1. One residue is enough: does segment 149-163 have a residue meeting the conditions more than 30 Å from Leu23 (Cβ to Cβ), out of contact with any Asp or Glu (no Cβ under 8 Å at 6 or more places or on another chain) and of a type in the set (Lys, Arg)?
2. Just the residues that are more than 15 Å from Phe113 (Cβ to Cβ) and of a type outside the set (S, T, N, Q), please, taken from segment 59-81.
3. Just give me the residues in segment 78-106 being closer than 20 Å to Glu121 by Cβ and of a type in the set (Gly, Ala, Ser), in sequence order.
4. Please count how many residues of segment 20-41 are crowded, with 18+ Cβ neighbours inside 10 Å and aliphatic (A, V, I, L, M).
5. Do the conditions hold for Asp98, that is, is it surrounded by fewer than 12 Cβ atoms within 10 Å (Cβ to Cβ), among the acidic types (Asp, Glu) and more than 30 Å from Leu9 (Cβ to Cβ)?
6. Give the residue, chosen from Ser35, Ser25, that is touching a residue at least 40 places away in the same chain (Cβ under 8 Å) and either assigned to a helix (DSSP H, G or I) or in contact with a Lys or Arg (Cβ under 9 Å, 6 or more places away or on another chain) (or both).
Amino acid sequence: MLRPDKKILRVGSVVVVAAIILLGSGIYLYFSNTSSNPDLTVSPATTFIVSQKNVSSGTELQYTVTLKSNQSISVWVLSPQGIHLGVKTIKSSTTLSDTVLSNVSGKWSLVIFNHGGTTAEISATFSDLTFSMLFLIVFGIVLIPSGLVMIYIYYYSKKVEKRRERIRNLN
């Protein structure tokens, strides 16, 4: 039978390992659900489309577009039914970020249109933020300190026990 302090050490170790697995799974899901295009050039009067397939209804779609040149571009999210959501225009070198809630399952697209007379240099990221992914990341972040505190309690109790033994031996 294990002593209570050894149980705390084992539980704390299991909690830390589980938290690392949960956090790693959440981070993997984030990167697998993200389309990133760091260096794009969009010709004048043309569009560039970044798509997310198999988006579930009720998930958040987050996008970030950075315009690196002084052009005028429009950015919007296109639903599977062809509805334009959140049309925004950038006129100078800035970063635009927004979140859209998907109301229908299917293929969602981020559309970037260049209004300028020359090519626009942009960077675009389009992510499908599912609830399970966010849950795994948050739960993993919360569990790591909990497990570390349990492990610290074990080592602290050992330290106190050694101090008591020293005091007993002195008497």
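The values are calculated or read from the model by the stated rules, or taken from the named source; none is laboratory data. Computed from a predicted structure; not experimentally measured. Reconstructed Cβ throughout: ideal geometry from the backbone, glycine too, with neighbour counts over all protein chains shown.
1. yes
2. Within segment 59-81, Glu60, Leu61, Lys68, Pro80 qualify.
3. Ser92, Ser93, Ser97 - these are the residues of segment 78-106 that are closer than 20 Å to Glu121 by Cβ and of a type in the set (Gly, Ala, Ser).
4. So the count comes out to 3.
5. No.
6. On inspection, the qualifying residue turns out to be Ser25.
The rows are residues; the columns are (1) in contact with a Cys (Cβ under 6 Å, 6 or more places away or on another chain); (2) in a loop (DSSP other than H, G, I, E, B); (3) under 30 Å from Ser43 (Cβ atoms).
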{"site": "Pro80", "(1), (2), (3)": "no, yes, yes"}
{"site": "Asn103", "(1), (2), (3)": "no, yes, no"}
{"site": "Thr125", "(1), (2), (3)": "no, no, yes"}
{"site": "Asp128", "(1), (2), (3)": "no, no, yes"}
{"site": "Leu136", "(1), (2), (3)": "no, no, no"}
{"site": "Phe139", "(1), (2), (3)": "no, no, no"}
{"site": "Leu143", "(1), (2), (3)": "no, no, no"}
{"site": "Lys158", "(1), (2), (3)": "no, no, no"}
{"site": "Glu165", "(1), (2), (3)": "no, no, no"}
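Yes or no, residue by residue, for (1) exposed (fewer than 13 other Cβ atoms within 10 Å of the Cβ); (2) over 19 Å from the mean Cα position of the chain (by Cα):
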position: Gly106; (1), (2): no, yes
position: Thr118; (1), (2): yes, yes
position: Ile137; (1), (2): no, no
position: Ile167; (1), (2): yes, yes
